[in-house]
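Okay, structure first, notes after.
Every read-out reported here was derived from the displayed coordinates using simple, explicitly stated rules and does not represent laboratory data. If you're wondering where the values come from, they're calculated on a predicted model, not measured in any experiment. Cβ placement follows ideal geometry from the backbone for every residue including glycine, while neighbour counts extend to all protein chains displayed.
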Amino acid sequence: MAEPTTTVSALRWRDGLELLDQRLLPQRERWISIGGAAAGTRAIRTLVVRGAPAIGIAGAYALAVEARRNPDLPHLRRAARRLATARPTGADLARAVGHVLVAIETAPSAERFERALAAARGLHAADAAACLAMALHGAALFPGEGVALLTHCNAGALATGGIGSALGVVRGVHAQGRLERLYACEARPVLQGARLTAWEATRDGIPVTLLPDSAAASLMASGAVAGVVLGADRVAADGSIANKVGTYALALAAARHGVPFVVVAPTTTFDLACPTGAEITIELRSADEVVRLGRRALAPEGVTVYNPAFDVTPPQLITAIVSERGVARPVNEATVREIAP
């Protein structure tokens with residue numbers, strides 16, 4: 001059986017951290033050198049890099065870069081605090097930055113950069129391995145031939161350190177020769193599905209069809225898809241998940257039409273200290289993402305805008321949660337704890 005692979009990557013280390021600027025895709029591929037923690041924080045906030053696992057890895061490497069620039073421990077602690085809070089909803093960023101900070105704090109000053117870099121590289125490698133494991137676990141949930149799957153936003157190589165979480169499962173089914181088609185929601189207002197998921201699929205030879213978010217329910221009603229598969233930015237202890245806004249609506253439609261709704265997330269995204277989805281902080285983003293398309297105005301000047309980046313889906317609407325440690329099904333606090341870190 002062929003192992004799922006990808007030609008896509010979100011970040012790389014070439015004697016320094018480089019990020020693929022995802023704001024420019026699919027029209028242009030540009031790599032940006034990140035010179036320290038401040039630059040890493042800006043890149044995360046402005047969506048140069050996005051996707052909870054990739055954000056965490058980027059934050060880890062950015063702190064390592066900062067340790068090379070200035071190994072002073074109080075300075076690095078301040079830099080780590082700013083990095084860790086650059087985006088609040090996902091669980092991976094604070095955890096990854098904290099992991100690297102521990103390596104820094106336990107090292108002599110002259111060794112802080114090397115220890116930090118080793119810790120960041122370890123996180124990167126662990127996420128790549130987790131993606132492969134999730135691909136195998138998740139692909140087994142969709143047996144048979146001619147499998148068509150629907151996804152939302154981007155949970156692929158551009159969002160992780162490997163082949164992706166949800167798109168890793170898609171790549172797994174594709175590598176087994178069983179994927180008929182991937183349906184990708186456009187994911188308004190930033191269009192991660194249209195710009196990123198469709199680009200990834202095209203690059204890797206995966207048959208993909210793009211659709212407006214508002215067409216997903218009728219597509220499920222038609223019986224065209226075997227399941228919905230998507231990622232998560234945080235998994236609460238009860239199995240609630242925060243993911244790109246629009247996920248909750250997809251879950252409701254999937255439940256109505258009996259379509260399996262599968263969440264794929266590495267254990268770095270699990271937050272067992274968060275009891276339910278009600279405690280997850282939802283990031284609110286700029287109105288410009290909704291009222292403008294580039295320089296073109298799409299709405300009347302001064303209109304009030306509600307622009308949450310994420311929403312919360314309760315466990316009752318989730319068929320299964322896949323991590324590298326296995327599958328939680330049915331989804332509840334006990335089954336989530338079994339596959340959590």
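Tally the DSSP beta bridges in the chain and give the antiparallel ones as a percent, rounded to 5.
Numbers: 20 of 39 bridges.
Here the antiparallel bridges make up roughly 50 percent for the chain.
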Pairwise centroid distance, computed over Cα atoms, of segment 292-340 with segment 211-234, Å: 13 Å
Residues whose placed amide H lies under 5 Å from that of residue 307, excluding near-sequence neighbours: 285
DSSP beta bridges in segment 135-338 [antiparallel fraction, %, rounded to 5]: 40 percent
Under-5 Å amide H pairs with residue 292, H placed in peptide plane, nonlocal only: 298
All-pairs Cα distance distribution in the chain, expressed in whole percent, bin size 10 Å: 6, 27, 35, 23, 8, 1, 0
Net lengthening on full extension, residue 29/residue 5 (0.36 nm per residue, minus Cα-Cα): 6.6 nm
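Stretched out fully, how many nm does the piece from residue 222 to residue 42 gain, at 0.36 nm a residue minus the Cα gap? Walk me through the intermediate numbers first.
On the way: separation 180, 0.36 × 180 = 64.80 nm, distance 4.29 nm.
That works out to 60.5 nm of additional length.
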Rotationally averaged projected area of segment 135-338 (alpha carbon convex hull; nm²): 11.5 nm²
Segment 220-325: GluC sites (Glu not before Pro) falling in loop per DSSP and having at most 13 other Cβ within 10 Å: 301
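Any number yet on Rg/Rh for segment 198-288, C-alpha, Kirkwood?
Values: Rg = 15.0 Å, Rh = 15.0 Å.
Rg divided by Rh gives 1.00.
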Residue order, fewest to most surrounding Cβ atoms within 10 angstrom, among 204, 288: 288, 204
Nitroxide proxy distance, nm - points 7 Å out along Cα→Cβ at residue 12 and residue 110: 3.3 nm
Helix 73-84 axis, angle to the chain major axis (alpha carbon atoms, nearest 10°): 20 degrees
Relative contact order of segment 135-338, defined on C-alpha pairs under 8 angstrom at six or more residues apart (%): 21 percent
Neighbour-count order for 306, 248, 183, fewest beta carbons within 10 angstrom listed first: 306, 248, 183
Ascending count of other beta-carbon atoms within 10 Å, so fewest first, for 152, 99: 99, 152
Estimated FRET transfer efficiency when R0 is 25 angstrom, pair residue 140-residue 209 (beta carbons, to 0.05): 0.55
Using θ = phi - 60° and Karplus 6.51 cos²θ - 1.76 cosθ + 1.60, couplings along segment 279-284 (whole Hz; Gly, Pro as x): 8, 7, 6, 9, 6, 9
For the chain: relative contact order, % (alpha-carbon pairs under 8 angstrom, 6 or more apart): 16 percent
For residue 153, distant residues with modelled amide H under 5 Å away: 185, 187, 193
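Of the GluC sites (Glu not before Pro) in segment 14-96, which ones lie in a loop per DSSP and count no more than 15 other C-beta atoms within 10 Å? All intermediate terms of the calculation are to be shown ahead of the outcome.
Values: sites: 18, 29, 66; in loops: 29.
Here the sparse-neighbourhood loop sites are 29.
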Nearest 10 degrees, 0 to 90: helix 112-139 Cα axis against the chain principal axis: 10 degrees
